[in-house]
1. Okay, helix-only estimate at 222 nm for the chain: each DSSP H run of n ≥ 4 adds -39500 (n - 2.57), divide by all residues, round to 500 deg cm²/dmol; what do you get?
2. What is the angle, in °, between the Cα long axis of helix 49-60 and the longest principal axis of the Cα atoms in the chain? Nearest 10 is fine, range 0 to 90.
3. Using DSSP to define loop residues, name the trypsin sites (Lys or Arg not before Pro) in region 77-113 whose beta-carbon has at most 13 other beta-carbon atoms within 10 Å.
4. Nearest 10 degrees is fine. How inclined is helix 2-28 to the longest principal axis of the chain, computing both from alpha carbons?
5. Ignoring ligands and nucleic acids, what accessible area does I52 show with a 1.4 Å probe (Å², nearest 10)?
6. In vacuo Debye scattering of the chain, one point per C-alpha: log10 I(q)/I(0) at q = 0.12, 0.15, 0.17 Å⁻¹?
7. When the chain is modelled as a GNM with alpha-carbon springs shorter than 10 Å, which of G105, G67, G113 fluctuates the most?
8. Magnitude of the Cβ-charge dipole of region 26-119, K/R +1 and D/E -1, about the Cα centre, nearest 20 debye?
Amino acid sequence: SEGAKRSTMHELPIVKSIFDICVKHATANNAKKILSVTLKVGEVSDLQDQWIQRYFDYLSKGTIVEGAKLVIKRVPLVMRCKLCSESFQVNVNERRQVECPRCKGTKLAYVSGREYIVENLEIV
């Protein structure tokens with residue numbers, strides 16, 4: 001399907017980099033096994049939980065990560081106004097022009113909501 005094709009093209013390299021980070025840090029700490037991985041994924045990131053899980057499971061077969069529990073936390077979209085420096089959370093489900101609630105400015109910068117970060121590894 002088209003959705004599966006897009007996911008293969010997009011999510012696999014990102015999940016591979018997340019997986020590599022986990023293995024690198026676990027190995028550096030002499031871990032025998034990774035029990036769980038907590039990821040922070042921005043709400044505006046188009047990474048879908050099901051594909052993150054599917055590719056993570058695929059990559060982890062036969063490694064110290066195999067069987068690890070994957071916990072995905074979604075990080076809300078927060079923007080900052082470049083005019084008045086107000087930071088505010090944006091509802092990503094609303095399809096409208098985003099403007100600063102304080103000064104109504106439309107020159108905005110991302111504070112959070114697009115990232116993907118390995119927040120925590122539980123190892124033994």
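1. On the way: 2 runs with 39 residues, N = 124.
Helices in the chain give a 222 nm mean residue ellipticity of -11000 deg cm²/dmol.
2. Tilt of helix 49-60: around 30 degrees.
3. Numbers: sites: R80, K82, R95, R96, R102, K104, K107; in loops: K82, R95, R96, R102, K104, K107.
Here the trypsin sites (Lys or Arg not before Pro) that fit, given the DSSP loop and packing criteria, are K82, R95, R96, R102, K104, K107.
4. Around 60 degrees separate the two axes.
5. 0 Å²
6. -0.56, -0.76, -0.87
7. The residue that fluctuates most here is G105.
8. Roughly 160 debye for region 26-119.
The values are calculated or read from the model by the stated rules, or taken from the named source; none is laboratory data. Bear in mind the structure is a predicted one, so any value in this text is a computation, not a measurement. Note that we place each Cβ from the backbone using ideal geometry, even for glycine, and neighbour counts take in every protein chain shown. Note: areas computed on protein heavy atoms with side chains; ligands, DNA, RNA excluded. Shrake-Rupley method; radii C 1.70, N 1.55, O 1.52, S 1.80 Å.
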